[in-house]
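Novice: The structure under discussion is supplied below as structure tokens; questions concerning it will follow.
The values are calculated or read from the model by the stated rules, or taken from the named source; none is laboratory data. Remember, it's a predicted structure, so these values are computed and weren't measured experimentally. Cβ atoms come from the backbone with ideal geometry, glycine included; neighbour counts cover every protein chain shown.
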Amino acid sequence: MPKVYINGNEFEASENDTVLTAVQKFGGYIPTLCYMNLKDVNIENKPSSCRVCMVEIEGRRTLAPACTTPVFEGIKIKTHSRMAVEARRTAVQLLLSDHPQDCLKCPKNGDCELQKIAAELHVVNNPYFGKTANYDQDISAAIIRDPNKCIMCRRCETMCNDFQTVGVLSAIDRGFGAVVKPSFDLPLEETTCTFCGQCAAVCPTGALVERSYIDEVWKELENEEKHVVVQTAPAVRVALAEEFGYEPGTISTGKMVGVLKLMGFDKVFDTNFGADLTIMEEATEFKERLENEGFLPMLTSCCPGWVKFIEHQFPNLLEMPSSAKSPQQMFGAIAKSYYAQKNNIDPKNITVVSIMPCLAKKYEAAREEINASPEYRDVDYVLTTRELAKMIKEAGINFKAVPEREYDSPLGESTGAAAIFGRTGGVAEAALRTAYEWITGSELKAVEFEQLHGYESIRVAEVELNGKKLRVGVAYGLGNARKLLEDVQSGKIELHLIEIMACPGGCVGGGGQPYHHGDLNVIKKRIDALNVVDKSKIIRKSHENPSIVRLYNEYLEKPGSEKSHQLLHTHYME
Ligand code: HC0
Ligand code: SF4
């Protein structure tokens, strides 16, 4: 164990420490921009390119980057010598020398790490200010890419290439003109991008951000001809409060509903209702495939990033995913049919807004073939958790003071099974809670499938149904999904059901959630919170949701019916 001296104070570090990790361990702070270490998912980015972590090490002639300099016995580190701080300031000034000076108009204003570090280092002038880059923006349904704001930290590239194995982003051109872009400068929509948003989740600046629909939604809310309903995804309720200073994992369901009502939505409903509905359709399909020698394994199909990934990367496996639409889309289709009819509202006058932890949900809602009607979309606008927080702040609503309210009926009723959709393993577990009872004909007393809990990124569990052993695979991160599917394809592993989510920990780690700044403990706390929501529910199996039972009795007849297929199922594109 090497002894290290940090600003004259002796500490014991570990062999693997760098100067940065040793200083952090002992309560110190060194700014970083390019550095990123997502330990739980084995992702590390340290190109050492930004140079804002420079420190002085006694006996060395030059400053050293803290992120890549290993500690050694007796190392004497000065974290804030004048020379180190001046070097950092210069590094930031150089990064800003060709950076657009439009911070007040930037979507990342207030969340930008470059802006934050410039303020910490008192960058009040810039002797290096020169010519600003002048690249075109790339605007898709989900993501806005502004290469002018790229600082070549390469974090997005690491997420896209190493974690997701999609490989859309990389540095192109050389020298001062080097910038991270898709190859051939293609717009993201013309690439194999899955719109998972993990690049945007880690981008320190405004180079990669969500496409915002805030203004459009405010306009709908002011339009008296429109009946505007909102649905909230499972993972939003355990993350939104972070934007208002609460601890990660704070459950704010009631407050969130109260806020949405104050914002002017006509009805506040729940995507969790859609999740219970998805289980009805997915479990039916699973049972049929199992009993009639259908195509196995069956893949869950509610993560749109994952759906786009399999369409591009495994076009020969498109029989695997369930044809059931995602809860977001099922909710929209039901809002504009059953709900519209029941309340005598013309579906063309209903606007469905979703609050999602995800950027790919914006893309999913814009997919043409997913809609139940050719005349209107299932879901009109998708906002992220972060966008909702911005709207709440813009409206001047005091989140802390808002009283808790209940979801509206009937599309606001949901079970514990729906709550866990937002965490890795949850969709598979929810499906099994229902499939178990339907297949065995007996009551599932111990509702939780512990084998499907956990934080690891690839898991395989065995579950017994009627004496038959079912093998269930769970993966998050598209790189892990790729590994699992390759093992299935090669016959190395045999599975009956697979759940894939594109983001770390499932939707709780979605690209539209409050920024976790590389701390995956934040995501674990959100996972634990969803398990608490599940446990707090009296009804924890989707098929026991009384509003869902009523929906089938009054409108859809039964799961898998013709009407269900017309409204709730989709197909995939090669
Ligand atoms: Fe998810 Fe979903 S669980 S994908 O992660 O299935 O975004 O939270 O809303 O649709 O329910 C996201 C979260 C959802 C959907 C649900 C599923
Ligand atoms: Fe890659 Fe996902 Fe970003 Fe697309 S959205 S560029 S797939 S990280």
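To keep it simple, each residue is scored yes or no on (1) surrounded by fewer than 24 Cβ atoms within 10 Å (Cβ to Cβ); (2) closer than 24 Å to K563 by Cα; (3) basic (K, R); (4) at pLDDT 95 or above.
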site	(1), (2), (3), (4)
F309	no, no, no, yes
H312	yes, no, no, yes
P315	yes, no, no, yes
S323	yes, yes, no, yes
F331	no, yes, no, yes
Y339	yes, yes, no, yes
I345	yes, yes, no, yes
I350	yes, yes, no, yes
K362	no, no, yes, yes
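Novice: On to the next question. For region 192-217, give me the residue count where each residue is more than 16 Å from ligand 1 (Cβ to nearest atom) and within 19 Å of R155 (Cα to Cα).
Specialist: Within region 192-217, the subset more than 16 Å from ligand 1 (Cβ to nearest atom) is 192-193, 199, 202-209, 212, 214-217.
Add one more test, that the residue is within 19 Å of R155 (Cα to Cα), and what stays is 192-193, 199, 202-209.
Final tally of qualifying residues: 11.
Novice: Being over 21 Å from R433 (Cα atoms) and not in a loop (DSSP other than H, G, I, E, B) is the filter here; which residues of region 490-547 pass it?
Specialist: V508, G509, N521, V522, I523, K524, K525, R526
Novice: Go through (1) β-branched (V, I, T); (2) modelled with pLDDT under 95; (3) within 29 Å of the chain's Cα centre (by Cα) for I139 and report which single condition fails.
Specialist: Result: I139 fails condition (2) only.
Novice: So is E224 without any contact (Cβ under 8 Å) to a residue 24 or more places away in the chain, within 14 Å of ligand 2 (Cβ to nearest atom) and surrounded by fewer than 14 Cβ atoms within 10 Å (Cβ to Cβ) or not? Walk me through it before giving the result.
Specialist: On the way: without any contact (Cβ under 8 Å) to a residue 24 or more places away in the chain: yes; within 14 Å of ligand 2 (Cβ to nearest atom): no; surrounded by fewer than 14 Cβ atoms within 10 Å (Cβ to Cβ): yes.
Taking the combined requirement at face value, the residue does not satisfy it.
Novice: Out of all the residues in region 458-480, which are under 18 Å from G505 (Cα atoms) and out of contact with any Asp or Glu (no Cβ under 8 Å at 6 or more places or on another chain)? Give the derivation first.
Specialist: Here is the first cut: in region 458-480, the residues under 18 Å from G505 (Cα atoms) are 458-461, 472-480.
Result: I458, R459, V460, A461, Y476, G477, L478, N480.
Novice: So if I check each of E413, E364, E456, E375, which one is more than 20 Å from E285 (Cα to Cα), more than 16 Å from ligand 2 (Cβ to nearest atom), within 19 Å of the chain's Cα centre (by Cα) and not β-branched (V, I, T)? Explain how you work it out, then say what you get.
Specialist: Numbers: E413 fails: within 19 Å of the chain's Cα centre (by Cα); E364 fails: more than 16 Å from ligand 2 (Cβ to nearest atom); E375 fails: within 19 Å of the chain's Cα centre (by Cα).
Only one candidate qualifies: E456.
Novice: Filter region 348-361 down to the residues that are in contact with a strand residue (DSSP E or B) (Cβ under 8 Å, 6 or more places away or on another chain) and aliphatic (A, V, I, L, M), then identify the one that is nearest to ligand 2 (Cβ to nearest atom). Before the answer, list the steps.
Specialist: Going through region 348-361, the residues in contact with a strand residue (DSSP E or B) (Cβ under 8 Å, 6 or more places away or on another chain) turn out to be 349-359, 361.
The next check asks that each one be aliphatic (A, V, I, L, M); those that pass are 350, 352-353, 355-356, 359.
Working: I350: 30, V352: 24, V353: 22, I355: 19, M356: 14, L359: 7 Å.
That would be L359.
Novice: Related question: G477: on the phi > 0 side of the Ramachandran plot and modelled with pLDDT under 95, yes or no? Spell out how you get there, then give the answer.
Specialist: On the way: on the phi > 0 side of the Ramachandran plot: yes; modelled with pLDDT under 95: no.
Considered against the rule, which asks whether it is on the phi > 0 side of the Ramachandran plot and modelled with pLDDT under 95, G477 comes out as no.
Novice: If I go through region 334-347 residue by residue, how many of them are out of contact with any strand residue (DSSP E or B) (no Cβ under 9 Å at 6 or more places or on another chain) and within 16 Å of ligand 1 (Cβ to nearest atom)?
Specialist: Adding up the residues that qualify gives 1.
Quick grid of which residues meet (1) of a type in the set (A, V, I, L, M); (2) touching a residue at least 60 places away in the same chain (Cβ under 8 Å); (3) out of contact with any strand residue (DSSP E or B) (no Cβ under 8 Å at 6 or more places or on another chain):
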residue	(1), (2), (3)
F244	no, yes, yes
I251	yes, yes, yes
G254	no, yes, yes
V307	yes, yes, no
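Novice: How many residues are more than 15 Å from ligand 1 (Cβ to nearest atom) and hydrophobic (A, V, I, L, M, F, W, C) if we restrict to region 218-240?
Specialist: Of the residues in region 218-240, 4 are more than 15 Å from ligand 1 (Cβ to nearest atom) and hydrophobic (A, V, I, L, M, F, W, C).
Novice: Would it be correct to say that Y476 is more than 30 Å from K267 (Cβ to Cβ), within 13 Å of ligand 1 (Cβ to nearest atom), touching a Gly at 6+ places or on another chain (Cβ under 9 Å) and in contact (Cβ under 8 Å) with a residue 12 or more places away in the chain? Before you say what the answer is, go through the steps one by one.
Specialist: Working: more than 30 Å from K267 (Cβ to Cβ): yes; within 13 Å of ligand 1 (Cβ to nearest atom): yes; touching a Gly at 6+ places or on another chain (Cβ under 9 Å): yes; in contact (Cβ under 8 Å) with a residue 12 or more places away in the chain: yes.
In short, yes.
Novice: May I ask you to verify whether A171 is farther than 26 Å from V382 by Cβ and surrounded by fewer than 18 Cβ atoms within 10 Å (Cβ to Cβ)?
Specialist: On the way: farther than 26 Å from V382 by Cβ: yes; surrounded by fewer than 18 Cβ atoms within 10 Å (Cβ to Cβ): yes.
The answer is yes for A171.
Novice: Related question: Please report, ordered by residue number, the helices (runs of 4 or more DSSP H) entirely within region 364-447 with at least 3 residues that are more than 15 Å from ligand 1 (Cβ to nearest atom) and among the charged types (D, E, K, R).
Specialist: On the way: elements: 385-394, 416-419, 426-440.
So the answer is 385-394.
Novice: List the pairs whose first member sits in region 421-434 and is free of Cβ contacts under 8 Å to residues at least 60 places away in the same chain, whose second member is more than 8 Å from ligand 1 (Cβ to nearest atom) and not aliphatic (A, V, I, L, M), and whose Cβ atoms are under 7 Å apart, counting only residues at least 6 apart or on separate chains?
Specialist: E429/F449
Novice: Also, I was wondering about something else. Take region 257-274 and flag every residue that is in contact with an Asp or Glu (Cβ under 9 Å, 6 or more places away or on another chain) and closer than 18 Å to C507 by Cα.
Specialist: D270, N272, F273
Novice: Here are some conditions: (1) within 30 Å of T192 (Cα to Cα); (2) free of Cβ contacts under 8 Å to residues at least 60 places away in the same chain; (3) in a helix (DSSP H, G or I). A91 meets all but one. Which one does it not meet?
Specialist: Among (1) within 30 Å of T192 (Cα to Cα); (2) free of Cβ contacts under 8 Å to residues at least 60 places away in the same chain; (3) in a helix (DSSP H, G or I), the lone unmet condition for A91 is (1).
Novice: So, of the residues in region 237-258 that are surrounded by 20 or more Cβ atoms within 10 Å (Cβ to Cβ), small (G, A, S) and in a loop (DSSP other than H, G, I, E, B), which turns out to be farthest from ligand 2 (Cβ to nearest atom)?
Specialist: Looking at residues that are surrounded by 20 or more Cβ atoms within 10 Å (Cβ to Cβ), small (G, A, S) and in a loop (DSSP other than H, G, I, E, B), I get S252.
Novice: To continue, here is another question. Please tell me if L240 is in contact (Cβ under 8 Å) with a residue 24 or more places away in the chain and out of contact with any Gly (no Cβ under 8 Å at 6 or more places or on another chain).
Specialist: yes
Novice: Continuing with this model, one more query. Among the residues of region 482-535, how many are among the polar types (S, T, N, Q) and within 12 Å of ligand 1 (Cβ to nearest atom)?
Specialist: To start, the set of residues in region 482-535 that are among the polar types (S, T, N, Q) comprises 489-490, 513, 521, 531.
This time we only want the ones that are within 12 Å of ligand 1 (Cβ to nearest atom), so: 513.
Residues in region 482-535 being among the polar types (S, T, N, Q) and within 12 Å of ligand 1 (Cβ to nearest atom): 1 in total.
Novice: Taking region 22-37 on its own, how many of its residues are part of a helix (DSSP H, G or I) and among the polar types (S, T, N, Q)?
Specialist: Narrowing region 22-37 to residues part of a helix (DSSP H, G or I): 22-25.
From what's left, among the polar types (S, T, N, Q): 24.
Here the count works out to 1.
Novice: Moving on. Quick check on my filter: what residues within region 285-315 are part of a helix (DSSP H, G or I) and within 16 Å of ligand 1 (Cβ to nearest atom)?
Specialist: At the first step, the residues of region 285-315 found to be part of a helix (DSSP H, G or I) are 285-291, 304-313, 315.
Answer for region 285-315, where residues must be part of a helix (DSSP H, G or I) and within 16 Å of ligand 1 (Cβ to nearest atom): E285, F286, P304, G305, W306, V307, K308, F309, I310.
Novice: Would you please name the residue that is nearest to E189 (Cα to Cα), looking only at residues in region 153-179 that are among the β-branched types (V, I, T) and within 10 Å of ligand 2 (Cβ to nearest atom)? Break it down into steps so the answer makes sense when it comes.
Specialist: Taking region 153-179 first, the residues among the β-branched types (V, I, T) are 158, 165-166, 168, 172, 179.
Checking which are within 10 Å of ligand 2 (Cβ to nearest atom) leaves us with 158, 165-166, 168.
Details: T158: 20, T165: 17, V166: 14, V168: 11 Å.
Checked region 153-179; the qualifying residue nearest to E189 (Cα to Cα) is V168.
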